[in-house]
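One structure is given below, encoded as structure tokens.
The values are calculated or read from the model by the stated rules, or taken from the named source; none is laboratory data. This is a predicted model, so every value here is computed, not measured. FYI the Cβ positions are ideal-geometry reconstructions off the backbone, even for glycines, and counts take in every protein chain you see. These area figures cover heavy atoms from the full protein model, side chains too; ligands, DNA and RNA do not enter into them. Shrake-Rupley method; radii C 1.70, N 1.55, O 1.52, S 1.80 Å.
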Amino acid sequence: MSTQRAESKKYAYFEEHSSAEVVNARMGNDTNQRLREVMTSLVNHLHQAIKEVEPTHEEWRQGIQFLTDVGHMCTDWRQEFILLSDILGVSMLVDSINNRRPTGATENTILGPFYVPDAPRYSNGTNICLDGKGEPLVVSGRVVNTSGEPIPGATIDVWQSNDDGFYDVQQKGVQPDWNLRGVFTTDEDGKYWYRSAKPHSYPIPDDGPVGKLLGALGRHPNRAAHVHYIVTAPGYSPIVTHIFTPDCPYLDEDAVFGVKDSLIANFQKVDDERSADSLEFSCPFWSLNWDFVLASQR
Ligand code: BEZ
Ligand code: FE
């Protein structure tokens, strides 16, 4: 290189051995600190992965095509990138990092794409199963703090799929609006209860590129049977979680890694006509007692 060119050169040329440093060095001095941290790490790891894998041009093109297909699958109702993050365990990792709680507090898990805000508010005991499908289930329990003291006025937002494995929003016009959703409030003793149907396992949406990837990896798309909850109370960290049935074959192979041991509940089968009658259920039915434990907001 001529002395003149060497003197006017601000940045190093690209070379295989120093590729990530060359790219990262281009960031301006006034780049936002957090963005600098995130991009430096991303570029370092991305270049490291490429150096490990050494893709051919054709393989790289296929990778780009996959991400393009993921983008094309996205609509107001379908977020294929989040689904990708879910099946790679990244959604659960981000959730775990952001929800480290004291021992005893109910653990968090993934929100999922089927939460709808502003569900109907119901009084305790209401049956949220509006399509009448599935095995009847009564859920009761308390919301308490980590010292075991009841929290009156806590809000329990619940949603689940129906007996065919679909959420109401996936079957508009087929299921009644707000089927298997509702918001309950704990009474002065911190107690809540409602009626519903026992949840079933169901596949995550697998008709897009993420479903194809799962197939290519020899993985199935099924989620372990669960009910979703968001539990909130003033002064406490909100909980976004699920409760899982103990008899589901997918507990240890949930497609999005959402299962935690502490969230597997004891669903009891009740074969008692009088209890069934008092709940306006057919017999037998299922009963679940579950307490949510909230940690104080830091
Ligand atoms: C769900 O549990 O509703 C869900 C979570 C992740 C991906 C798809 C569905
Ligand atoms: Fe779900």
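Tell me, which helices (runs of 4 or more DSSP H) lie completely within segment 19-90 with 2 or more residues that are open to solvent by 40 Å² or more (accessible area, probe 1.4 Å) and under 29 Å from Ala255 (Cα atoms)?
33-53, 57-73, 80-87
Name the one entry in Thr146, Thr126, Thr106 that is in contact (Cβ under 8 Å) with a residue 40 or more places away in the chain, open to solvent by 70 Å² or more (accessible area, probe 1.4 Å) and away from ligand 2 (no atom under 16 Å from the Cβ).
Thr146 is the lone residue from the list that is in contact (Cβ under 8 Å) with a residue 40 or more places away in the chain, open to solvent by 70 Å² or more (accessible area, probe 1.4 Å) and away from ligand 2 (no atom under 16 Å from the Cβ).
Within segment 201-218, can you find the residues that are in contact (Cβ under 8 Å) with a residue 60 or more places away in the chain and either exposed (fewer than 14 other Cβ atoms within 10 Å of the Cβ) or under 17 Å from the mean Cα position of the chain (by Cα) (or both)?
Ile204, Pro205, Val210
Looking at Lys198, Lys191, Lys172, can you tell me which residue is without any contact (Cβ under 8 Å) to a residue 40 or more places away in the chain and either open to solvent by less than 40 Å² (accessible area, probe 1.4 Å) or not polar (S, T, N, Q) (or both)?
Lys172
Looking at (1) in a helix (DSSP H, G or I); (2) in contact (Cβ under 8 Å) with a residue 60 or more places away in the chain, find the lone condition where Gly112 falls short.
With respect to (1) in a helix (DSSP H, G or I); (2) in contact (Cβ under 8 Å) with a residue 60 or more places away in the chain, Gly112 is out only on (1).
Residue pairs, Cβ under 9 Å, 6 or more apart or interchain, first in segment 11-29 and touching a residue at least 24 places away in the same chain (Cβ under 8 Å) and under 15 Å from Ile50 (Cβ atoms), second assigned to a loop (DSSP other than H, G, I, E, B) and open to solvent by 100 Å² or more (accessible area, probe 1.4 Å). List them.
Close Cβ pairs satisfying both conditions: Val23/Phe14.
Being within 16 Å of ligand 2 (Cβ to nearest atom), in contact (Cβ under 8 Å) with a residue 60 or more places away in the chain and either within 19 Å of Val231 (Cβ to Cβ) or charged (D, E, K, R) (or both) is the filter here, so list the residues in segment 242-296 that pass it.
Once the filter is applied, which keeps residues that are within 16 Å of ligand 2 (Cβ to nearest atom), in contact (Cβ under 8 Å) with a residue 60 or more places away in the chain and either within 19 Å of Val231 (Cβ to Cβ) or charged (D, E, K, R) (or both), segment 242-296 yields His242, Gly258, Val259, Lys260, Leu263.
With away from ligand 1 (no atom under 16 Å from the Cβ), more than 17 Å from Leu137 (Cα to Cα) and among the small types (Gly, Ala, Ser) as the only criterion, which of Ser282, Ser237 stands out?
None of the other options fit; the residue is Ser237.
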